Amino acid sequence: MQYALVNRVRQEAEPKLRGTCPNCGAEVVAKCGQKRIWHWSHLGKLECDRWWEPETEWHRAWKALFPKEWQEVIHVAADGERHIADVKNDKGVVIEFQHSPLDPEERLSREKFYGTMVWVVDGMRYKRDLSAFREAVAEGYIVNDSPLCLDPRTRAAAMVRRWAPLRHHVFIDFGDEDFQIAGFQPPEKVLWQFLFNRATGKVVIAAVTRESFMKFCLNGSEFQHLTVERHQRPRGRYRRY
Ligand SMILES: [Zn+2]
């Protein structure tokens, strides 16, 4: 956790500090070492929220884009089950930043628990995913122009298997890595979205601008997807996305 209560005030971990876990009320101690990002840890070995994954720079960079009071929000279900949402906005939408894969059952139970949520997945978790995804996007078959939807064929199969959409939006974040779509570079930074193509029952890849993703999270705006504008002549060439 990034925040604990010290004298009832939310505070980040600093050397030698002790505090209280906002989720379970137990004592937590600031871990400020070299190896892992500074965080709060329960005195016992067990963290009270088994869904919580050790945070990375990636988690923290994303969370920092949101107001502090939206970060690490305790979500309590009707039956008393409680978990800490990475980010929960003022409209009740939970944004979970997921570094490690989850099996589908586990993912579904989190989706049910949070109700309205989106996943942002760390695409850089496995080295091989980046090259596979690059190929999938560069050589995938464009099944739709607006929004741009690519059939990745089998190239990104491992990622698709791991993160095929269940009930909620799934976005893959490859940070500042560059991509080419049919020879062109997307005009701005994007998050890649996995969508079900209802016609074929297969997963296709779309791209949402990072800017519109943030606007969606911050004030509920619509996602803006990349689209393809085709030249009239020569046939079949793509001018831009
Ligand atoms: Zn706790």
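The values are calculated or read from the model by the stated rules, or taken from the named source; none is laboratory data. Quick caveat: nothing in here was measured; it's all calculated off a predicted structure. Cβ: placed from backbone, ideal geometry, glycine included. Neighbour counts: every protein chain shown. Just the protein is used for accessible areas: all its heavy atoms, side chains included, with ligands, DNA and RNA removed. Shrake-Rupley method; radii C 1.70, N 1.55, O 1.52, S 1.80 Å.
Between S109 and S131, the contour length at 0.36 nm per residue exceeds the Cα-Cα span by 4.9 nm. Average accessible surface for the stretch 1-48: 67 Å² per residue, computed with a 1.4 Å probe over protein heavy atoms with every protein chain in place.
Per q in 0.13, 0.19 Å⁻¹, report the Debye log10 I(q)/I(0) for the stretch 1-48, using one uniform scatterer on each alpha carbon and no solvent. Cα-only, vacuum Debye calculation for the stretch 1-48: -0.23, -0.49. Computed from Cα atoms, the angle from the helix 104-114 axis to the main principal axis of the chain rounds to 70 degrees. Computed with a 1.4 Å probe on the full set of protein chains, the accessible area for H231 sits at about 70 Å².
Computed over the stretch 1-56, relative contact order equals 30 percent, with contacts defined as Cα pairs under 8 Å that lie 6+ residues apart. Other residues whose C-beta falls under 12 angstrom from the C-beta of D49 contribute a net charge of -2, scoring Lys and Arg +1 and Asp and Glu -1. Set the Förster distance to 25 Å, then compute FRET efficiency between E229 and R167 from the Cβ-Cβ distance, nearest 0.05. Computed FRET efficiency for E229 and R167 comes out at 0.20.
Distance between the pseudo-spin-label points of L65 and T20 (7 Å out from Cα toward the beta carbon): 3.4 nm.
For a Förster distance of 25 Å, can you work out the FRET efficiency between the beta-carbons of R198 and S146, rounded to the nearest 0.05?
Working: r = 17 Å, r/R0 = 0.66.
Computed FRET efficiency for R198 and S146 comes out at 0.90.
Per-residue surface analysis assigns I84 an accessible area of about 10 Å², computed on protein heavy atoms at 1.4 Å probe radius. Principal-axis analysis of the Cα atoms of the chain puts helix 210-219 at an angle of about 50° to the longest axis. Karplus-derived 3J(HN,Hα) values for the stretch 183-190, using 6.51 cos²θ - 1.76 cosθ + 1.60 with θ = phi - 60°, are x, 10, 8, x, x, 8, 5, 10 Hz; glycine and proline are entered as x.
Solvent exposure of L218, expressed as accessible area, is near 70 Å², computed with a probe of 1.4 Å over the protein chains only. Only the Cβ atoms of Lys and Arg (+1) and of Asp and Glu (-1) were treated as charged; on that basis the dipole of the chain about its Cα centre amounts to roughly 520 debye.
Angle between the Cα long axis of helix 127-139 and the longest principal axis of the chain, 0 to 90 degrees, nearest 10? For 127-139 against the chain, the angle is about 30 degrees. A DSSP coil position with no more than 10 other Cβ atoms inside 10 Å describes the following trypsin sites (Lys or Arg not before Pro) in the stretch 50-130: R50, K91.
Rank these residues by their accessible area, most exposed first, probe 1.4 Å: L43, L195, L150.
On the way: L43 90, L195 50, L150 0 Å².
Result, largest first: L43, L195, L150.
Tell me the carbon and sulfur percent of the accessible area for the chain, rounded to whole percent, probe radius 1.4 Å. Carbon plus sulfur share of accessible area: 49 percent.
You can think of it this way: the chain between K31 and Q185 has 51.3 nm of extra reach, that is 0.36 nm per residue less the Cα-Cα gap. How big is the Rg/Rh ratio for the chain, C-alpha atoms only, Rh by Kirkwood, two decimals? Reported Rg/Rh, Kirkwood definition of Rh: 1.02.
R0 = 22 Å: FRET efficiency of Q11 with W52, Cβ-based, nearest 0.05?
Details: r = 18 Å, r/R0 = 0.82.
According to the calculation, E is roughly 0.75.
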